[in-house]
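Here, each number is a calculation from the coordinates, and none is a lab measurement. Because the structure is a prediction, the values reported are computed rather than measured. Reconstructed Cβ throughout: ideal geometry from the backbone, glycine too, with neighbour counts over all protein chains shown.
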Amino acid sequence: MTITLAPVNRPLDAVVALPGSKSYTNRALLIAALAHGRSTLARALFSDDTRYMHGALTTLGIEVSADEAAATYTVDGADGRIPVAAADLYIGNAGTAARFLTAALGIGHGRYTVDGDARMRERPIQDLLDGLAQIGVDARALHNNGCPPLVVEADGIPGGATHVHGDVSSQYLSALLLAAPYAARGVEIEVDGELVSAPYIDLTLGIMADFGVRAERDGYARFRIPPGQRYTGRAYTVEPDASNASYFFAAAAVTGGRVRVPHLGPASAQGDLGLLDVLERMGCAVLREDDAIEVRGPAQLRGVEADFTRMGDVATTLAAIAPFADRPVTITGITQTHFEECDRPVCTAQELRRLGIRVDETRDSLTVYPGVPQPATVQTYGDHRMAMSFAVTGLRAPGITIADPGCVAKTFPDFFDVLLQATRA
């Protein structure tokens, strides 16, 4: 299946209501599952990734009911227990589910396996396994290659001090933090090297605090979760996904139009809102209100150089609109994105070249030169962000066809419907 985009013949002018954040939804689901009491998660995301988390929690014996029409999950927390003593969990290509669940399974008492699809079996997780081993959790890769499938031989988390590398994914650190309240002696974590996507740690600590657990920290270098804390169930509202908002902000930028996203404000911990600063440098006007963000595009985008170390998920968003700038756009700080749903820098460069756009690349950067994208079918490699990013290219350039558009179901099943509505507003 493919979708061919029709370029818009006028600037966009739309208010776009987005589904909840995947990052918040999957963290909230896990925390609510471990909490004492019932939680209701409103405006939650229903997508492949959150369904894998929901399914895994159910397999572990935790009661999670879903009302997709109301975008609400109700979770009866297991009060720091894993109710079953054995389970085989399948999590597709959901990185948050794989990493967060692997750490949380250490709380249990029994044998658990975690497996995913072919791409998940290529995505590294050894840094997390090493971090868990240091606090007494026996978690290992079944094929000794540092990737799923994994087995966790659990008998509670003794706790103590551990180290974790920060240069591949912040999700390893988030996973340790999320499970740490249930360690017998508490947990102290030291981060080795630079931490990529650091704002996600602020997001993790923020939602932990919302459910009653506080962490001590020294910047992004050291963290301590004192023992004896527990999550408490509550009513919780999930904010919209800033990564998914990026495509609509980019659509405003590239069409010289206006897009407003409600319920997402500048106080959000989501680091991908850093793209707004880049768009401003490119000539966009950005209005930040307490409960909404609005972007207005310029007549001509300016080329920039920007560091995406803290917001790797939206690097492809910028790359997809970079050909329409007046000079080259250089995107740095993207080494960690080689390990996503696809090898994103390599695949992004390849697809831009397929469109006739010149790209220079290094391990940590892409430079995209101005040009007129030529008609072509963009391959998406099963990566939702490739599909959504290049769909924005198709709002300006005719003949852009997206292969396997269904891959957006990972985080935004209705993306193409919402995009079409925005172009018709």
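One table, with the values for the structure above:
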| quantity | calculated |
| --- | --- |
| Cβ-Cβ FRET estimate between ASP290 and HIS143, R0 fixed at 51 Å, reported to 0.05 | 0.55 |
| Evaluated over the range 158-244, the Cα radius of gyration and Dmax, each in Å | 13.1, 39 |
| Shape parameters for the range 209-367, alpha-carbon atoms, Rg then Dmax in Å | 18.2, 58 |
| Stretchable slack from ARG217 to ASP414, in nm (0.36 nm times residue separation minus alpha-carbon distance) | 67.1 nm |
| Cα gyration tensor shape for the range 83-142, rounded if a/c is under 1.5, else prolate or oblate | oblate |
| Relative contact order (percent, whole number), the range 22-237, Cα cutoff 8 Å, 6+ residue spacing | 20 |
| Dipole of the range 22-237, positive direction: furthest Cα of GLY212, TYR52, ALA175, with charges on the beta-carbon | GLY212 |
| Coordinate range along principal axes, alpha carbons of the range 88-232, Å, largest first | 37, 32, 25 |
| Rg/Rh ratio calculated on Cα atoms of the range 5-110 (Kirkwood radius) | 1.11 |
| The chain: antiparallel DSSP beta bridges as a percent of all, rounded to 5 | 65 |
| Mean separation of Cα contacts under 8 Å, 6 or more apart, over the residue count of the chain: relative contact order % | 17 |
| Segment ASP277-GLU68, length gained on full extension (0.36 nm per residue, minus Cα span) | 71.9 nm |
| √(5λ) per eigenvalue of the Cα gyration tensor, the chain, largest first, Å | 37, 22, 20 |
| Along the chain, longest interval not containing exposed GluC sites (Glu not before Pro), exposed being DSSP loop plus at most 14 other Cβ atoms within 10 Å | 195-425 |
| Ranked by how many other beta carbons lie within 10 Å on average, peptides 88-95, 54-61 from highest | 88-95, 54-61 |
| The range 27-80 and the range 303-378: distance between their alpha carbon centers, rounded to Å | 35 |
| Size-normalised alpha-carbon gyration radius of the range 158-205, reference 2.2 N^0.38 Å | 1.10 |
| Extreme residue, positive dipole direction of the chain, given options THR337, LEU132, VAL254 (C-beta unit charges) | VAL254 |
| Farthest positive-ward along the range 290-425 dipole, Cα basis, beta-carbon charges - from THR309, ALA299, ALA319 | ALA299 |
| Full-extension gain in nm, ARG10 to ARG354, via 0.36 nm per residue minus C-alpha separation | 121.2 nm |
| Test item: Cα-centred dipole of the chain, Lys/Arg +1 and Asp/Glu -1 on Cβ, debye | 600 |
| Table column - 3J(HN,Hα) (Hz), the range 228-235, Karplus curve with 6.51, -1.76, 1.60, x for Gly and Pro | x, 8, 9, 6, 10, x, 6, 7 |
